[in-house]
Each structure stands twice: as structure tokens, then as C-alpha cells.
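First the structure, in the form of C-alpha cells, and then the observations on it.
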Amino acid sequence: MRIGPWWIELYTLRILCGALGGLLCLWLRAPAWGLSRRVAGGWLWGVALAALLCGRGGYVLGHHVYFNQHPQAILRLEDVGGLHGGTALIGSLLVVWLWARVSQRTFNELLAWLSPAILLFAAGAWWGCASVGCAWGHPTAMPLEQRSSWFVTQAPDLYHNVASRYAVQNLGSLCAFLSAGIALTTHSKAPASLALYELASGALTFLRADEVPLIAGLRIDTLQDIGIAWVILWSLGKCQTTGAQTSAP
């Protein structure tokens, strides 16, 4: 897509829309959470860097056959792009945990502030994938009149093979965007919306056709999404239990 004198890929533009929306959300909400924008900004660079490194690492592992043959492409994101959403989130959560350890904030409090932005970024990433075919859905033989919908659409895979497919990217983007809206209205319970999104993302893996390693017959990203959701809910439950014990006479 051409914007003035610049040319930007639609995939990149859509991801940037999600990222900028998330950053704006964090900037506007920081004072209400008692966070210094300057201090939080420094930690956000750490969150972004961890997401980039872990996301790229997960993508390389998931496509290890290609990268074993083209190791020089690992660092050439401008030519061979790709980040794995699940491992990117794991990297981000590790930095949030470290942030909580060195500050007076709890992990759940920081994650509650970050959750809407994470989900907006995820919505942009899914939306971007729809333009290039990554995370493509299984082909389906649904009747012609039911195609080009939110559930089934004519779409390519990563190799540009167009077919009638389950619209996994559209569904993922919708789930992330709706979860972001819920997170914005639930304040301290916002991490539950992030966990809900992870469960929905795990469910969508059953409609995906991109190849990933299997464990006990299940896609590794299915197990990963469920695991992330469990950790978030466990942390949220532990925080509530600790709070209840602290307030008890």
C-alpha cells in the first residue's frame, strides 16, 4: 500500500495499527494505574524486545526445515519475516514477571494494565496474517453461497494456493479485538480476558492447516495456548486468594 512517497506492505501496516492502538491505550491509561510513563516506557522496550526474540525463536523452531537450509534468513526479517505469537507472549510475560519482582507492583496488576494492548496487537497480527496467508485454515467443501464470510473465505496459504478455507485469521482477529474490549472494562480482572483469548486461540488451532510439531497427537501450539491460559488464571486465582487471606481478621 502506498502512503504518500512511502510503500508499506499491507501485512506490516495492519500489525502496526494493532501495535499503535495498544501503545495509545497504555499511554492514556498509565496515570489511572499510578504508573510513570517514563519508567513504564523503559520496561515496555524490554517487553517488546523479549516478544521479538522469543517470537522469532518460536517461528524458526516451527519452520526448522527451511531455516536449517537457509540459516542466514534467521536474522533477515525484512526478507523472511515471521514471529510466533505464543512464544512472543511467553517472552513478554517473563519480562512482566521480572518487572513485578523489582518494583512495588504485582504481576497481575501489571498484566491487567498491559492486557488490552497485548490483545490489540494480537488482533493486528491476525489481521495482517489474513493478507499473506500465514496461520491459514484447512480447506473446506462448504457450498459457494456460504463462502466469503467470517467463518469461510477464499484465501491463500503461505505458498499462495488459494482455496475455500476456514477463516482462521478473521476469527482470531475478532476474538482478540473482543477480548481487548472486555479487558478495558474489567480493570484488575483484565488478565482473565487474556486467558480467555488464549483458550479461543487454542480452539482455533483445530481449524489451522499450517504444519507444526505434534506432542501426543496434539499440535504444540494448542498445548502452548492452553498452558499460557492456565498460568494466567492460576496467577489471578493465587492473587485473589492471597488478598482474601490478607484482609481476613
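What follows is calculated from the coordinates using simple rules that are stated; it is not laboratory data. Just so we're clear, the structure is a prediction, and the values are computed from it rather than from any experiment. For neighbour counting, all protein chains shown are included, and Cβ atoms are generated from backbone atoms with ideal geometry for every residue, glycine included.
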**Request:** Step through the residues of the range 153-160 one at a time and calculate ³J(HN,Hα) from phi using the Karplus curve (6.51 cos²θ - 1.76 cosθ + 1.60, θ = phi - 60°), rounding each to whole Hz and writing x for Gly and Pro.
**Result:** 8, 7, 8, x, 8, 5, 9, 6
**Message:** Connecting C-alpha atoms closer than 10 Å in a GNM of the chain, tell me which of Ser92, Ser103, Ser164 has the biggest fluctuation.
**Reply:** Ser103
**Message:** Applying a 10 Å radius around every beta-carbon, put 168-177, 16-25, 210-219, 117-126 in order of their mean neighbour count, most first.
**Reply:** 117-126, 168-177, 16-25, 210-219
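Trypsin sites (Lys or Arg not before Pro), restricted to the range 27-128: which are DSSP loop and have at most 15 other Cβ atoms within 10 Å? Spell out each step's value before the answer.
Details: sites: Arg29, Arg37, Arg38, Arg56, Arg76, Arg101, Arg105; in loops: Arg76, Arg105.
Qualifying residues, ordered by number: Arg76.
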**Request:** Determine, for each peptide in 108-115, 39-46, the mean count of other beta carbons within 10 angstrom over its residues, then list the peptides with the highest first.
**Result:** 108-115, 39-46
**Fill in**
Given backbone amide H placed at 1.01 Å from N, residues whose amide H is under 5 Å from that of Val152, ignoring those fewer than 5 places away on the same chain, are Ala167
**Placed amide H near Leu158: partners under 5 Å, 5+ positions off or other chain** = Trp136
**Item:** Hz values of 3J(HN,Hα) by residue in the range 121-136 - Karplus curve (6.51, -1.76, 1.60), Gly and Pro given as x
**Value:** 4, 4, 4, x, 5, 4, 4, x, 4, 4, 7, 10, x, 5, 6, 6
